[in-house]
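Notes to accompany the following structure.
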Amino acid sequence: MTVEIRRLFPGDDADLIGIAEDVFDEPVRADRFAAYLAEPGHFMIVALADDVVVGQCAAVIHRHPDRASELYIDEVGGTPAFQRQGIARKMLDAMFEIGREHGCEEAWVGTEPDNLAARALYEARGTAAEPFVMYVYRL
């Protein structure tokens, strides 16, 4: 089965009728999806197999007044049946290209320490893990 890697733009959300299980952490709401795509500096790459989303990579650009912009890769997800086929690598490469097109000099991505598959993917892309602490605040 052929998998197409595609960047989504505002309005493309109407095309996404089928989303495989485990591609996103939670069920996708149409209004949130449309708002995400419409927001400047927000990007989404999807992997499509027979018009069903089997993978996704979402990122935002962080702009700074004192240094170059950075691409923050917020999420990479894929349905288990399509994992370990190089799809996530292709989505990351497409997202890195978007970052370069927007003047980003670095890309950031994080994962849980026990997510060995994600860590292997990121390390294979040439990423060196740097220790840092992240705090999450519920608003």
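Within the stretch 91-121, the set of residues being assigned to a strand (DSSP E or B) and farther than 13 Å from ASP74 by Cβ comprises GLU106 only. Residues of the stretch 43-70 that are in contact with a helix residue (DSSP H, G or I) (Cβ under 8 Å, 6 or more places away or on another chain), of a type in the set (Val, Ile, Thr) and open to solvent by 10 Å² or more (accessible area, probe 1.4 Å): ILE61 alone. When the stretch 1-36 is filtered for residues that are surrounded by 12 or more Cβ atoms within 10 Å (Cβ to Cβ) and over 25 Å from PRO80 (Cα atoms), the ones remaining, listed by number, are PRO10, ALA34, ALA35. Within the stretch 83-116, being over 15 Å from the mean Cα position of the chain (by Cα), over 16 Å from GLY41 (Cα atoms) and either open to solvent by less than 30 Å² (accessible area, probe 1.4 Å) or not basic (Lys, Arg) (or both) holds for GLN85, GLU112, PRO113, ASP114, ASN115, LEU116. ILE73: in a strand (DSSP E or B), in contact with a strand residue (DSSP E or B) (Cβ under 8 Å, 6 or more places away or on another chain) and open to solvent by 10 Å² or more (accessible area, probe 1.4 Å), yes or no? The answer is no for ILE73. Residues that are farther than 20 Å from TYR36 by Cα and touching a residue at least 40 places away in the same chain (Cβ under 8 Å) within the stretch 61-87 comprise THR79, PRO80, ALA81, PHE82, GLN85, ILE87, listed in sequence order.
The values are calculated or read from the model by the stated rules, or taken from the named source; none is laboratory data. All figures in this text were calculated on a predicted structure; none of them were measured in a lab. Ideal geometry is used to build each Cβ from the backbone, glycine not excepted, and the neighbour counts take in all protein chains shown. Side chains are part of the model used for accessible areas, which takes the heavy atoms of the whole protein and leaves out ligands, DNA and RNA. Shrake-Rupley method; radii C 1.70, N 1.55, O 1.52, S 1.80 Å.
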